[in-house]
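Data first, discussion second: the structure below is written as structure tokens.
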Amino acid sequence: MKEIAKDLLKIQAVKLSPNEPFTWASGIKSPIYCDNRLTISYPKIRTAIAKGIAELIREKYPEVEVIAGTATAGIPHAAWIAAELDLPLVYVRSKPKDHGRGKQIEGVLHPGAKTVVIDDLLSTGGSVLKAVKAAQNEGADVLGVGAIFSYQLQAIVDNFKQADLSYFTLTNYSELLEAAVEANYISTAERAVLEKWRHDPENWSAKD
């Protein structure tokens, strides 16, 4: 949905800087920075996100029984999506608690429950797939993963294929670049530079 991409640009949840790239924690130089946590402060945008993802879940996973949010960024969106679908909500901690029963899943997750996991952002898929594994370890039947935005990197395609799991996002890098050009946020020349990054992020340079 390009409208969601436009919203992310408007509230600066996504920033594009092809000439002065950001540095990710992994050390990769990136011309894009995405912080979808900002969306929770904008009622109209967060509602549009919840309704959009809920509709895609109805289409792709009509048998869904539980919505699971990833800690922490996926939790509020998962809650609004679960409300939209009138379904139970659970959330997945990044690691088990170090006290009490050592739980990693909060809420009621029955064995065999058909579950869709929600995150805010998909880059390589590594963190959300750990959440998926935690839910599976509790007996959940994970149908797939949904998120607001994806960088559309090859790594996520490979990682989800290896996990034998499907995923979807409400909007993505390609739509974002289209929206950014239309809004005169970037030039067509800068768009070409940004496209190169997606295809080879580890070797990308702003000077290419």
How big is the Kirkwood radius of region 16-75, worked out from every pair of different alpha carbons and given in Å to one decimal?
14.2 Å
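Compute and list, largest first, the equivalent-ellipsoid semi-axes of the chain from the alpha carbon gyration tensor, each √(5λ) rounded to a whole angstrom. Present the calculation step by step, with values, prior to reporting the outcome.
Details: eigenvalues 189, 71, 43 Å².
Rounded to whole Å, the semi-axes are 31, 19, 15.
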Here region 169-208 gives, from Cα atoms, an Rg and Dmax in Å of 10.6, 31
Within region 37-173, how many Lys pairs that are eight or more residues apart, or on different chains, come under 26 Å at the alpha-carbon?
24
In deg cm²/dmol, rounded to 500, what helix-only [θ] at 222 nm does the chain give when every DSSP H run of at least 4 residues adds -39500 (n - 2.57) and the total is split over its residues?
-12500 deg cm²/dmol
If unit charges are put on Cβ atoms (+1 for Lys and Arg, -1 for Asp and Glu) and the dipole of the chain is taken about its Cα centre, the option from ALA140, THR70, LEU121 lying farthest towards the positive end turns out to be THR70
Take the Cα atoms of region 59-178, build their convex hull, and give its volume per residue in Å³.
105 Å³
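Treating only the Cβ atoms of Lys and Arg (+1) and Asp and Glu (-1) as charged, compute the dipole magnitude of the chain about its Cα centre; round to the nearest 20 debye. Provide the component values of the computation, followed by the final result.
Values: 24 positive and 26 negative charges, 98 e Å.
Magnitude of the dipole: close to 460 debye.
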Backbone HN-Hα couplings from phi across region 127-141 [Karplus 6.51/-1.76/1.60, Hz, Gly and Pro as x]
6, 5, 5, 5, 5, 4, 4, 4, 5, 5, 5, 8, x, 5, 9
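Every number in this text was worked out from the coordinates using simple rules, so none of it is lab data. Predicted, not measured: the structure shown is a model, and the values here were computed from it. So basically every Cβ, Gly included, is an ideal-geometry build from the backbone, and we count neighbours across all protein chains shown.
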